[in-house]
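The values are calculated or read from the model by the stated rules, or taken from the named source; none is laboratory data. Keep in mind that this is a model prediction, so the values were computed, not measured. Heads up, the Cβs are rebuilt from the backbone with ideal geometry, glycines too, and the neighbour counts pull from every protein chain shown.
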Amino acid sequence: MAEPDPICGVWQLDQWVEFRDGDPYVLDASGRIFYHPEGHVSAILTRQTDGDPQVIAYAGRWRREGDDVHHAVEHATVQRWVGTTLTRRVVEFDPTGDGRLVLRTPPETSRSGAEFFHDIIWVRAV
């Protein structure tokens with residue numbers, strides 16, 4: 001039997017950084033992501049804004065191809081994600097040392113024309 005991917009396990013959100021037009025902005029957030037060896041994934045991220053807290057949660061199947069992790073979304077608080085695949089680039093991964101995992105979203109353009117992407121920085125949950 002093959003060894004499970006070292007990304008498997010429970011990860012705690014350490015930092016969520018949005019890069020907008022090259023400038024970093026740290027978002028006030030917390031969360032967890034679970035990678036199961038049999039290919040299941042679930043994630044919850046919460047942010048405190050000026051008003052009510054925001055929650056993003058989703059679950060589905062995951063697979064890793066090279067430096068990319070693909071989340072095939074089956075259930076989500078963001079309805080338009082259901083039936084899509086969220087791809088995250090692994091830009092840093094230390095399965096031993098501090099157990100750090102940095103996932104980057106693909107670049108996007110906002111309605112105002114600003115280019116942005118997110119680095120979602122995880123550490124192994126204890």
- Task: Select, from 106, 95, the only residue that is touching a residue at least 12 places away in the same chain (Cβ under 8 Å), part of a loop (DSSP other than H, G, I, E, B) and under 14 Å from the mean Cα position of the chain (by Cα).
- Result: 106
- Task: Evaluate the following for residue 7: is it out of contact with any Gly (no Cβ under 7 Å at 6 or more places or on another chain) and in a strand (DSSP E or B)?
- Result: no
- Item | Any hit, region 79-100, residues being among the aromatic types (Phe, Trp, Tyr), modelled with pLDDT under 95, surrounded by 14 or more Cβ atoms within 10 Å (Cβ to Cβ) and closer than 17 Å to residue 4 by Cβ | yes
- Extreme residue, surrounded by the fewest Cβ atoms within 10 Å (Cβ to Cβ), among residues of region 41-71 that are charged (D, E, K, R) and part of a strand (DSSP E or B): 65
